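Below is one structure, written out as structure tokens, with a few remarks after it.
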Amino acid sequence: MGKPTYRRRRRRSSSASSIQQPSSFLYQVKLWAVLTAIIAPGAFLIGTYYYEGYVEAFGVRVEDLPVSTSVLYVHAYKLVGIFLLKVAEALVSFVDWQRPLLMLVYVAAGWVGLYGLLRLIRWLANLPSHHLLNRFVRWLHPSKNDVTLVSIMTVAISYAAVLLLTAVGTMALFWWQIPLSASKQGRDDAQEKISDFNALGCHRQTSDGWGNCVKITDAKDKVLYEGVLVGSTDKNIVLYTAQGAKVMPRKNDWYLLHERTSPSKGTKPDVK
């Protein structure tokens with residue numbers, strides 16, 4: 001009778017494990033589906049805010065330069081990386097690496113404080129029941145002392161309220177901070193190009209040899225317009241020039257020319 005019973009139990013355990021594995025797999029699939037549903041619109045929002053901030057800094061409407069969703073996702077990936085780098089820099093700057101001895105003293109003081117607190121708790125737990133301090137602690141027990149009970153309730157309610165407000169504030173911060181940071185980053189990137197153009201005009205970039213401006217030419221290589229390229233689509237081309245941003249309908253015989261120059265080392269950029 002022992003062997004059949006053992007075989008039945010073995011079959012049951014194997015069947016239970018076979019049921020548990022698909023359920024675990026389905027849970028992981030659902031989890032990744034939820035994360036994807038959250039990340040996809042979040043990334044789209046971040047990329048949209050960056051692109052709007054960048055284009056609007058040139059005085060151009062987003063409707064004049066629509067871009068695909070994939071481009072917005074690329075912007076979002078870059079912006080999240082920049083945001084994480086800023087957080088890491090803030091954490092690193094929080095630690096005073098210039099004074100390692102002082103940081104070691106802080107760590108040692110924290111260790112000593114925690115060790116002393118642990119020893120105090122154990123000492124109080126080992127006190128005899130007739131000890132005065134032990135009797136005082138029993139007198140303060142919330143089951144016998146209403147003052148202690150009300151104090152604990154007040155602290156608990158206050159802690160719950162602060163925790164709730166902190167959680168809501170943190171959610172609001174992360175909900176808007178990254179998109180707003182993306183918009184600011186887009187404006188900063190555009191403003192850097194605008195300031196460079198306003199100060200020097202179209203010039204050669206000595207660092208990589210490319211010019212900061214582009215030229216619009218026709219089929220005969222005649223230069224029609226020149227300025228900083230804000231963006232281009234199948235319908236429009238937007239340049240930032242000395243007169244401001246120009247939104248021009250694209251023509252079939254127009255070409256965008258990015259000039260490649262090789263200035264000698266040590267020379268200043270030529271202002272055209």
Could you work out what % of the accessible surface of the range 210-260 is carbon and sulfur, using a 1.4 angstrom probe and leaving DNA, RNA and ligands out of the count? 46
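What per residue convex hull volume, in Å³, do the alpha-carbon atoms of the range 56-139 yield?
Working: hull volume 21.6 nm³, N = 84.
About 257 Å³ per residue, rounded to a whole number.
Which whole number of Å³ per residue matches the convex hull of the alpha-carbon atoms in the range 210-260? Please list the in-between numbers first.
Working: hull volume 3.6 nm³, N = 51.
In the range 210-260, the Cα hull volume divided by residue count equals 71 Å³.
Just the accessible area per residue of the range 44-117, please: how many Å² with a 1.4 Å probe?
Normalised by residue count, the accessible surface of the range 44-117 is 71 Å².
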Estimated distance in nm for a label pair at T166 and L132, the labels positioned 7 Å out from Cα along Cα-to-Cβ: 3.8
T241 accessible area, 1.4 Å probe, all protein chains in place, Å² to nearest 10: 10
Considering amide H positions built from the backbone, and no H for Pro or chain starts, which residues 5 or more places from Q205, or on another chain, come under 5 Å of its amide H? W210, G211, N212
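Relative contact order for the range 210-260 using alpha-carbon pairs under 8 Å, separation at least 6, rounded to a whole percent?
Details: 88 pairs, mean separation 20.5, N = 51.
Rounded, it is 40 percent for the range 210-260.
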Quantify, in whole percent, the carbon and sulfur part of the accessible surface of the range 27-115 (1.4 Å probe; protein heavy atoms only). 75
Suppose R0 equals 25 Å; then what is the FRET efficiency for V155 and Y115 from their Cβ-Cβ distance, rounded to the nearest 0.05? 0.45
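With all protein chains present and a 1.4 Å probe, how do M103, M153 order by accessible area, largest first? If you can, show how the numbers build up before the last one.
Details: M103 60, M153 105 Å².
My answer, sorted largest first, is M153, M103.
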With the charge dipole of the range 126-272 built from beta-carbon charges (+1 for Lys and Arg, -1 for Asp and Glu) about the Cα centre, the Cα from P128, W175, A219 projecting farthest to the positive end belongs to P128
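Past the 26 Å Cα-Cα mark, which pairs from K193/K246; K78/K193; K184/K246; K30/K86? Let's see the in-between values first.
Details: K193/K246 16 Å; K78/K193 18 Å; K184/K246 23 Å; K30/K86 32 Å.
Beyond 26 Å: K30/K86.
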Take the alpha-carbon centre of the range 121-197, take the same for the range 218-248, and report the distance between them in whole Å. 55
Sorted by accessible area with a 1.4 angstrom probe, largest first, how do Y54, Y77 fall? Y77, Y54
Two decimals is fine: what is log10 I(q)/I(0) at q = 0.13, 0.22 Å⁻¹ for the range 131-272, from a Debye sum with one equal scatterer on every Cα and no solvent? -0.78, -1.31
How much of E192 can a 1.4 Å solvent probe reach, expressed as accessible area in Å² and rounded to 10? 130
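The values are calculated or read from the model by the stated rules, or taken from the named source; none is laboratory data. Everything quoted here is computed from the prediction, not taken from an experiment. We place every Cβ from the backbone using ideal geometry, glycine too, and count neighbours over all the protein chains shown. The protein model used for the area step is the full one, side chains on, heavy atoms only, and it has no ligands, DNA or RNA in it. Shrake-Rupley method; radii C 1.70, N 1.55, O 1.52, S 1.80 Å.
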